1. Explain nothing, just compute: Karplus ³J(HN,Hα) = 6.51 cos²θ - 1.76 cosθ + 1.60, θ = phi - 60°, for every residue of the stretch 10-22 in order, whole Hz, x for Gly and Pro.
2. Quick one: order Ile30, Ile74 from most to least accessible surface, probe 1.4 Å.
3. Can you give me the P(r) profile for the stretch 1-83? Cα pairs, bins 5 angstrom wide beginning at 0, each as a whole percent.
4. Please work out how much accessible surface Leu41 shows to a 1.4 Å probe, ignoring ligands, DNA and RNA, in Å² rounded to 10.
5. Could you please state how large a percent of the accessible area of the stretch 1-83 is carbon and sulfur, counting protein chains only and using a 1.4 Å probe?
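The values are calculated or read from the model by the stated rules, or taken from the named source; none is laboratory data. What you see is a predicted model; the values in this text were computed from it and never measured. Remember, those area values only see protein heavy atoms, side chains included, never the ligands or the DNA or RNA. Shrake-Rupley method; radii C 1.70, N 1.55, O 1.52, S 1.80 Å.
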Amino acid sequence: MGIIAWIIIGLLAGLIAKALMPGKDPGGIIITMLIGIAGGLLGGWLGKVIFGVDSIDGFFDLSTWIAAIVGSLILLALYRVITGNRRSHR
């Protein structure tokens, strides 16, 4: 898949992750999009390392979308933990 396809998958995976983990996040939609793109890449890498599967088969493969969404959820949770701690110390 090309970089444009990964950006599109990442953007959509970020939105889906935000819908699955609602709440107030600092940074807004731009941060959510960046988390989605990075989460898509993280999910693809984790699928390959942990399960030995090629989760980057194609744009319309379910495994690609699941990997991207799971990666986005992981990064969104980490982002909330890091920024939540920073906000409470101010």
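1. Per residue, the Karplus-derived 3J(HN,Hα) values read x, 4, 5, 5, x, 5, 5, 4, 5, 5, 6, 10, x Hz.
2. From most exposed to least exposed: Ile30, Ile74.
3. Cα pair-distance distribution for the stretch 1-83, in percent: 3, 19, 29, 24, 15, 8, 3, 0.
4. 100 Å²
5. Answer for the stretch 1-83: carbon and sulfur cover 81 percent of the accessible area.
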